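Engineer: Mind looking over this structure? Questions follow.
The values are calculated or read from the model by the stated rules, or taken from the named source; none is laboratory data. Just so it is clear, the structure is predicted and the values come from calculations on it, not from any experiment. With ligands, DNA and RNA removed, areas are computed over all heavy atoms of the protein, side chains included. Shrake-Rupley method; radii C 1.70, N 1.55, O 1.52, S 1.80 Å.
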Amino acid sequence: NPIFIVDTVTLEIIDTNKSVEDDYGFSRQELVGRPFFEVINTLAIDLYYTPEMVAVFKQQTKKDFLAGSIPWKELTFKKKNGGHVPVRYSTSFLHKKGNLVGCAFFFHNLTEIKKLEKELVQSERLAAIGQTISGLAHHIKNILIGLKGGSYVMDIGLKNENPDKLKDGWQTIKNNIDKTSDLVQDLLTYSKERKPEFITCNPNEIVEDVVNLIKDHAKKQNIKIIKQLDPKVGEGTMDPKTVHRTILNLVSNSIDACLDVEDMDRDLTIHFVTRLKSSNRVSFEVRDNGIGMSKKERENVFAPFYSTKGGKGTGIGLMVTAKLIEEHKGSIHVESEKGEGTRFIIT
């Protein structure tokens with residue numbers, strides 16, 4: 001590593017090692033006796049030490065030299081031949097019998113490290129693209145199977161002039177068109193940065209609106225909706241669209257989880273709970289007694305394209321939900337037991 005030894009009184013370079021010439025092209029004779037910070041200002045692309053800054057450094061060395069060293073810092077050097085070298089440097093104070101006698105500046109060439117970092121970022125990006133394409137291909141294949149199935153049923157209906165078959169086939173096609181629309185919308189939401197639009201609103205009213213949207217569907221599936229909305233919540237400042245969409249996403253998952261329960265005697269329920277946590281924090285809870293999740297499923301529930309629903313799920317809904325909550329500076333927590341149900345808490 002290139003090393004400069006500097007006089008702490010004059011701040012002139014006393015000595016350098018051979019690596020300084022090897023890395024930067026400047027010989028020892030060219031550097032010894034020159035002010036160290038003047039040399040650094042000549043070398044560094046993104047650094048300029050003013051006389052005032054040098055004076056502060058000088059005072060600091062006398063005050064703090066017993067601490068041993070100053071942490072590593074990064075910058076880019078210009079070589080004598082015009083090339084660039086990314087470096088990091090650290091300062092160690094040299095003392096003898098309790099007296100400060102000099103400073104040693106150590107420089108570390110980061111060229112290879114920066115190259116490896118770039119390659120790592122590139123490989124991670126390619127892996128992410130591969131994972132995205134794989135997940136999309138799998139889900140699009142499921143949608144296409146649904147569309148083909150619907151069109152096959154319609155063909156039979158047309159051939160046999162059977163209106164019931166036509167209705168069934170068209171309904172299957174419509175359902176898969178809706179799936180395509182949801183998939184595209186979720187992908188757009190995930191890829192686009194969105195700043196929350198904070199306004200004064202009533203969190204309990206947002207939950208009431210979600211309940212009104214899904215209550216008829218839940219009733220048809222024999223799922224009971226239970227509300228426990230804290231009257232102390234009152235009005236608050238938040239983005240109602242974000243809160244509405246995240247709760248709707250969660251309750252949609254809860255309905256699916258309840259429909260997969262094999263125990264015919266179980267009274268299926270979904271609880272909506274709001275709580276005032278503090279003067280500026282409110283929590284929303286969506287709890288069901290559906291099929292629940294295993295430990296592995298819980299750990300991966302927010303991962304891209306991970307779905308516990310098999311071919312029925314995109315693996316994007318909860319990923320988008322987590323992103324929306326993060327943009328809102330909130331948090332989401334999940335508790336679940338296989339066969340018992342799941343509880344999501346947004347704060």
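Engineer: Which length gain, in nm to one decimal place, applies between residue 76 and residue 19 when the Cα-Cα distance is subtracted from 0.36 nm times their residue separation?
Structural biologist: 18.9 nm is the gain from fully extending residue 76 to residue 19.
Engineer: At a probe radius of 1.4 Å, what is the per-residue accessible area of residue 49, in Å² to the nearest 10?
Structural biologist: 40
Engineer: Pairs 148/295; 118/323; 58/97; 215/295; 167/215; 296/329: which are spaced more than 28 Å apart, C-alpha to C-alpha?
Structural biologist: Violating the 28 Å Cα-Cα cut-off are 148/295; 215/295.
Engineer: I would also like to ask the following. Work out the P(r) tail for the range 208-347: percent of alpha carbon pairs separated by more than 21 Å, whole number.
Structural biologist: Summing the P(r) of the range 208-347 above 21 Å gives 41 percent of all pairs.
Engineer: Sort 124, 285 by heavy-atom solvent-accessible area, probe 1.4 angstrom, most to least.
Structural biologist: 124, 285
Engineer: Let me ask something else about it. Provide the gained length on full extension for the span residue 221 to residue 327, in nm with one decimal, where the gain is 0.36 nm per separating residue minus the Cα-Cα distance.
Structural biologist: 34.8 nm
Engineer: Suppose a student asked you for the relative contact order of the range 223-310, using Cα pairs under 8 Å spaced at least 6 residues apart; what percent would you report?
Structural biologist: 34
Engineer: Can you tell me the alpha carbon radius of gyration of the range 226-291 divided by the globular rule-of-thumb value 2.2 N^0.38 Å?
Structural biologist: Taking N as the residue count of the range 226-291, the ratio is 1.30.
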